[in-house]
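The values are calculated or read from the model by the stated rules, or taken from the named source; none is laboratory data. A quick note: this is a predicted structure, and the numbers were derived from the prediction, not measured. All Cβ positions, even for glycine, are placed from backbone atoms using ideal geometry, and neighbour counts span all protein chains on display. Protein only, heavy atoms only, side chains kept; ligands, DNA and RNA dropped before computing areas. Shrake-Rupley method; radii C 1.70, N 1.55, O 1.52, S 1.80 Å.
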Amino acid sequence: MPVASVTTSAAGSLTLLEDEDKDIRVYALNHLLNIVGQFWAEMSDKLSYLELLADPMSKELPSESRPQAALLISKIYYYMGYLDEAVEFALKAGGAFEKEKEGEFRETIISGCLDRAIEQTSRGEKIDTALSNIVDSVLRSTSGENGKLAMGLALSLRRLDLVEMIYLTSRANSSSQPSTSTKPQSSRPTHDESLLRYVLSEVVSGATGNEGWSEEFRSNLFNLLLRLFHHNPQPDWNSITTIWAQNSDVESCGEALIKLINEQNHLDAYQIAFDLNEVAPQAFIDGTRSKLAEKGLAPPAENPDGSDPKVILDNILKGVTSAELFLNFLNKNNKTDMSILKVTKETLEDRYSIYHSAITFTNAFANCGTTSDKFLRENLDYLGRASNWAKFSTTAALGLIHRGSWINGLKVVKPYLPGGSAPNKFSEGGSLFALGLIYNGRKELAEDELKKNLNENVDPIIQHGAALGLGVSAIATADEDIYEQIRTILFSDNATAGEAAGYAMGLVMLGTASEKALDEMLSYARETQHEKIIRSLAMGIAFVMYNQREKADAIIQTLTEEKDAILRYGGMFTIALAYAGTGSNKAVKKLLHVAVSDVNDDVRRAAVTALGFVLFRNHTQVPRVVQLLAESYNPHVRHGATLALGISCAGTGLETAIELLEPMTKDPVDFVRQGAYLSLAMILIQQSEASSPKSASIRALFAKVVSDKHEDPMARFGASLAQGIIDAGGRNMTLALSTRAGTLDMNAIVGLTLFTQFWYWFPLAHGLGLAFTPTALIAVNQDVKLPKIDLTCNAKASLFAYPSTEKKQEEKKKDKAKTAVLSTTAKAKARDRAKKQEAGEAMDTDDKPEATTTDKPSSTPTQKKKPSEPSSFTLSNMSRVIPSQLQYISFPSEGRYTPVRPSGSGSGNIVVVRDTRPDEPPTEDGFIELDKGLWPGWGNDNGQTTAAGQEQEQNAAAGGAGGITAGQGAEEEDEDVEPPQPFEYPFED
């Protein structure tokens with residue numbers, strides 16, 4: 001019987017490989033490929049000869065067999081563990097490797113090829129043909145569930161052709177893309193837009209991996225995405241709007257809006273305008289309005305009709321509509337706990353300026369945008385005792401309380417403006433800053449008043465307020481005229497006026513990277529002797545380089561090499577703003593190096609704080625990054641670590657960040673505790689007890705620190721501000737450095753940057769008010785009216801509930817002391833009972849027998865089981881909806897109104913809804929009425945002010961007492977009650 005041959009060695013085949021006959025060599029090579037997994041160790045001794053056979057110039061093998069020799073070498077290296085060499089020879093094998101069957105070897109080599117291709121791409125090297133073929137074959141064979149993986153690889157390889165190919169070969173599930181359009185479906189195939197949204201999110205909000213992309217590639221990618229989004233019959237306008245804003249594509253935006261208006265598709269045009277108002281800078285919106293005006297779509301200059309689509313669209317783009325809706329939302333839903341402000345005011349001694357400023361900021365943050373003046377009215381004497389710069393801050397606080405009140409804003413601050421009824425240079429300067437805060441980003445509404453006082457007034461304190469007001473109102477406009485007027489104030493070399501001018505110049509030129517501005521600011525910073533001016537100019541340079549990424553490297557290098565520590569301090573914030581949200585490894589390394597090596601404490605503190613700005617998109621990693629810094633021996637570094645955590649994790653309720661900050665509330669250094677309180681408030685803003693169980697104890701900690709008279713003033717100041725931050729905007733505002741669309745929130749980043757400067761200058765703490773954003777879901781129809789809609793939130797109400805204002809009072813019941821019983825007495829009584837039982841007689845004893853449950857029912861009430869909480873609840877239109885709640889919100893499936901797009905698709909606060917029954921007249925009470933007292937004159941067809949508005953103007957003019965108009969209280973009262981008279985602060989000179 002023949003015995004099956006078993007290969008026990010590769011020696012024979014290796015010998016045949018050196019035979020003179022080429023056919024025998026080819027036979028030996030094929031046999032070796034079959035047994036290499038078993039005998040690769042023997043074959044490794046012949047690697048040098050095998051490499052000779054695989055050489056393209058070698059004639060030892062036929063040309064068609066040389067790739068097989070390369071494949072054999074690749075496998076030997078693979079089994080030896082030399083993966084780089086294995087990949088190298090697999091690439092030389094070419095077609096032979098492509099025919100290799102699926103298995104661990106093939107997967108490992110392909111993975112190595114992809115890594116090599118990505119590495120070469122990142123270095124800017126050209127990928128060779130063999131490597132490119134393998135990568136293409138992998139990506140072309142990837143589809144379905146692996147579509148996002150393929151897109152990620154294509155992005156890493158910067159292959160736009162592959163991005164397009166992957167998308168065009170995809171098909172969307174009909175259930176994954178709900179339709180809200182009434183238009184008939186197109187015959188064109190519908191591709192999977194989720195792949196494009198994934199790419200867009202990586203480009204816009206990707207934490208890492210895209211910092212090395214050139215501006216040219218980024219722009220080409222945006223253009224490709226824009227073209228692909230238009231392939232589908234129902235374009236995703238939300239994503240397209242984000243692309244326009246990111247790519248500064250005013251031309252495409254204007255053309256799309258013109259086309260939609262001409263096609264009578266007003267609803268999509270309105271939704272685009274609302275989204276632009278949230279994600280685009282003011283200069284972009286102004287350019288879009290100019291494009292519309294060129295095509296005759298601008299509203300008429302006189303007697304505009306409020307129902308005209310052109311008027312409605314222009315008001316939405318200008319932000320008028322959003323401002324009115326948010327003002328009504330914040331005023332109507334104001335949940336500020338006045339008892340907290342009252343207790344804080346009674347606890348902090350008003351004879352100290354720091355405490356006076358603390359209560360001012362706390363009230364301003366807690367009532368930001370609500371127009372609530374209740375606390376001010378009830379504490380006129382207390383607020384009137386402010387002096388000097390505390391008076392400046394107190395008046396400027398009006399700007400935060402009335403932020404966005406564009407109609408009444410000027411009337412609110414009119415009594416305190418220069419020449420008003422309350423003459424005082426500090427209150428006059430503060431009122432000008434307040435004007436800028438009210439009209440943040442809308443310079444045309446306050447420009448004349450601010451310019452007049454900047455140029456005509458010679459008092460540096462008034463110039464200080466006017467410059468700050470101009471900077472905040474004209475933010476990112478790059479207005480050369482305003483810039484030059486502020487620069488004139490800077491060159492006067494007054495420390496007070498020059499400090500505000502430095503900040504204002506940077507704010508006006510925000511994100512422009514203007515070489516002229518940089519040269520002027522840096523040159524003057526090196527010449528002047530005033531530290532205040534140097535610091536403001538250093539921060540101004542940081543503002544100019546906002547979101548410039550690699551373009552800022554040169555100025556960063558210049559600032560970080562300066563001998564002046566203040567300029568190095570500015571360099572740290574330049575890194576923070578230029579690389580905000582990028583997660584750039586280069587920026588993080590630079591900041592960490594400075595944080596542990598610079599000789600100046602301020603620079604080290606700024607470097608650690610800047611980490612929060614750079615890493616906020618990857619906020620879960622920040623606690624790990626700053627953990628060691630939080631334990632530093634240097635208190636300035638520890639303070640920076642607290643702010644880095646607060647800035648990066650703002651509004652997230654991240655548990656690991658809270659656990660890292662809690663021990664720092666007991667730090668021996670007062671300003672470290674201050675930073676911990678502020679950061680905890682930022683992290684826990686709008687967090688319920690159900691979502692963040694520690695929120696209640698943290699709130700109690702703030703109250704305890706504020707009321708403790710033995711606590712350091714710096715810590716009490718921080719705890720007081722934390723109380724205002726955690727309840728910002730009547731508990732209806734949050735902190736987030738990015739919009740819901742994933743783009744950078746310019747106002748939030750700038751506001752937080754200004755806020756961190758309160759270390760040197762308390763009035764700059766008002767900058768935090770710019771960072772607060774309302775968290776509302778407001779549905780409007782084609783007439784920009786608010787229909788009454790019941791929305792469903794498919795989650796428990798406790799997860800998103802307002803904090804409870806009821807104080808838990810635990811009554812301790814006094815237990816009656818038990819009578820002491822001697823052991824001898826107990827034994828004697830026990831013997832007596834035993835004797836009586838034997839005699840069968842009953843005897844009354846001191847010990848009463850316990851009543852059993854069968855003889856008499858127990859008198860103690862049974863504990864009622866707490867009812868289970870429903871898994872969903874309903875919300876009315878214009879309700880608070882925090883970002884994490886948005887994914888659970890749904891509109892009624894059979895309701896009259898449906899959104900023009902799903903509310904969970906990254907949309908903003910305002911959603912345009914379509915009336916599915918337009919022929920059916922709405923009921924009289926079918927809409928939510930807005931408070932016209934908050935926005936007099938808006939909504940009238942002829943644009944005239946209402947009678948109430950005229951009466952308010954008369955009251956404002958009478959005696960200059962219209963500082964805050966009646967009817968703007970925080971709480972709703974009966975209509976029959978007479979409103980309080982207008983008032984003004986009784987400031988003491």
Can you tell me which condition Ile354 does not meet? The list is (1) in contact with a Pro (Cβ under 6 Å, 6 or more places away or on another chain); (2) outside any helix (DSSP H, G or I), and all the others hold. (2)
The helices (runs of 4 or more DSSP H) lying wholly within segment 615-677 that contain at least 2 residues that are open to solvent by less than 10 Å² (accessible area, probe 1.4 Å) and among the hydroxyl-bearing types (Ser, Thr, Tyr) are 635-648
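Quick grid of which residues meet (1) within 23 Å of Thr488 (Cα to Cα); (2) in contact (Cβ under 8 Å) with a residue 24 or more places away in the chain:
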position	(1), (2)
Asn388	no, yes
Ala397	no, yes
Arg403	no, yes
Leu450	yes, no
Asn457	yes, yes
Helices (runs of 4 or more DSSP H) (entirely within segment 719-833) containing at least 2 residues that are modelled with pLDDT of 85 or more, among the small types (Gly, Ala, Ser) and farther than 22 Å from Phe274 by Cα: 728-731
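If a residue has to be among the acidic types (Asp, Glu) and exposed (fewer than 14 other Cβ atoms within 10 Å of the Cβ) to count, how many in segment 99-122 make the cut?
Here is the first cut: in segment 99-122, the residues among the acidic types (Asp, Glu) are 100, 102, 104, 107, 115, 119.
Right, trim to exposed (fewer than 14 other Cβ atoms within 10 Å of the Cβ) and you get 102, 104, 107, 119.
Count: 4.
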Mind checking which residues of segment 220-235 are surrounded by 16 or more Cβ atoms within 10 Å (Cβ to Cβ), farther than 14 Å from Ile166 by Cβ and modelled with pLDDT of 85 or more? Phe222, Leu226, Phe229
In segment 299-329, how many are under 28 Å from Met509 (Cβ atoms) and open to solvent by 30 Å² or more (accessible area, probe 1.4 Å)? 2
Answer yes or no: is there a residue in segment 751-770 that is over 30 Å from Ala323 (Cα atoms), aromatic (Phe, Trp, Tyr) and open to solvent by 30 Å² or more (accessible area, probe 1.4 Å). yes
Reported set for segment 715-733 where residues are within 12 Å of Arg673 (Cβ to Cβ) and in contact (Cβ under 8 Å) with a residue 60 or more places away in the chain is Arg716, Phe717
Being within 32 Å of the chain's Cα centre (by Cα) and not acidic (Asp, Glu) is the filter here; which residues of segment 473-497 pass it? Ser473, Ala474, Ile475, Ala476, Thr477, Ala478, Ile482, Tyr483, Ile486
Can you work out which of the residues in segment 338-364 that are within 17 Å of Thr394 (Cα to Cα) and of a type in the set (Ser, Thr, Tyr) is most open to solvent (accessible area, probe 1.4 Å)? Tyr352
Could you say whether any residue in segment 2-25 is open to solvent by 80 Å² or more (accessible area, probe 1.4 Å) and closer than 25 Å to Gly112 by Cβ? no
By my count, helices (runs of 4 or more DSSP H) wholly in segment 373-476 with at least 1 residues that are open to solvent by less than 10 Å² (accessible area, probe 1.4 Å), among the basic types (Lys, Arg) and out of contact with any Phe, Trp or Tyr (no Cβ under 6 Å at 6 or more places or on another chain) are none
Does Lys335 meet the test of being open to solvent by 40 Å² or more (accessible area, probe 1.4 Å), within 25 Å of Leu786 (Cα to Cα) and in contact (Cβ under 8 Å) with a residue 60 or more places away in the chain? yes
Kindly provide the set of residues from segment 52-98 that are open to solvent by 70 Å² or more (accessible area, probe 1.4 Å), free of Cβ contacts under 8 Å to residues at least 24 places away in the same chain, under 29 Å from Val138 (Cα atoms) and in a helix (DSSP H, G or I), ordered by number. Ser63, Glu64, Glu85, Glu88
Restricting attention to helices (runs of 4 or more DSSP H) lying wholly within segment 502-606, give those where 1 or more residues are touching a Gly at 6+ places or on another chain (Cβ under 9 Å), open to solvent by less than 10 Å² (accessible area, probe 1.4 Å) and under 22 Å from Ile482 (Cβ atoms). 515-527, 531-544, 565-578
Would you mention how many residues in segment 145-191 are modelled with pLDDT under 80 and either within 13 Å of Leu228 (Cα to Cα) or among the basic types (Lys, Arg) (or both)? 8
